[in-house]
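Read-outs: derived from the displayed coordinates by stated rules, not from any lab. As the structure is a prediction and not an experimental result, all values here were calculated from the model. Don't worry about glycine lacking a Cβ; one is built from the backbone with ideal geometry, like all the others, and counts go over all protein chains shown.
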Amino acid sequence: MIIKNIQSKIFEIRNQKVMLDFDLAAMYEIETRVLNQAVKRNAERFPDDFMFQLTKTEFETLMSQIVISKTEKRGGTQKMPYAFTEQGVAMLSSVLKSKKAIQVNISIMRVFVAAKQMLLQHADLAKKIEEVEKKYNKQFSDVYEALNYLMDAKKAEEKIIKRKKIGYKV
């Protein structure tokens, strides 16, 4: 499984990273209805924080943000797709027991872990940048203040030079 292919199938919906049922079914090389039937037969394994069904608005918003072919839309979807969180995808491995499903789940879990690590690294980097900004903001503000003073002094000097002189001409 190509990591970029999996990453492109992870979306943020309801402030959660999720994968859609038809994308998962394509990766597992099964029909979406087969995946959903397996999930329904094991509904107790999929609480709301593992899986939820998209609303029509959520689905339309998602469709406008990404390019999904008509075959993926399933010819004008009558049922809204299900979204599986990381835990829901992990639970699929206990419901779908084929060798392909196991390999796909391993790949997906690796992508989720890599994504979390990237987020943590970015959070650390953002924190370090903020610390540096705090440290140097005072010094930079002093420099800006000095520059502004010099520029104002130069403007005042130019104003004095440009003013009309009065008195006798020599």
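Remarks
- Violating pairs (Cα-Cα greater than 23 angstrom) within the set K17/K134; K9/K116; K79/K116: K17/K134; K79/K116
- Partner aspartates and glutamates whose Cα lies under 16 Å from the Cα of K162, excluding those fewer than 8 positions away in the same chain, are identified as D152.
- Global form of region 3-119, assessed from the alpha-carbon gyration tensor, a/c cut-off 1.5: rounded
- Once exposed loop trypsin sites (Lys or Arg not before Pro) are cut out (DSSP; at most 11 other Cβ, 10 Å), longest piece of the chain: 15-96
- In a simple Cβ point-charge model (Lys, Arg +1; Asp, Glu -1; nothing else charged), the chain has a dipole of about 780 debye relative to its Cα centre.
- Folded to 0 to 90 degrees: helix 32-41 orientation relative to the chain principal axis, Cα: 70
- Taking each DSSP H run with n ≥ 4 as -39500 (n - 2.57) and averaging over every residue of the chain yields -21500 deg cm²/dmol at 222 nm.
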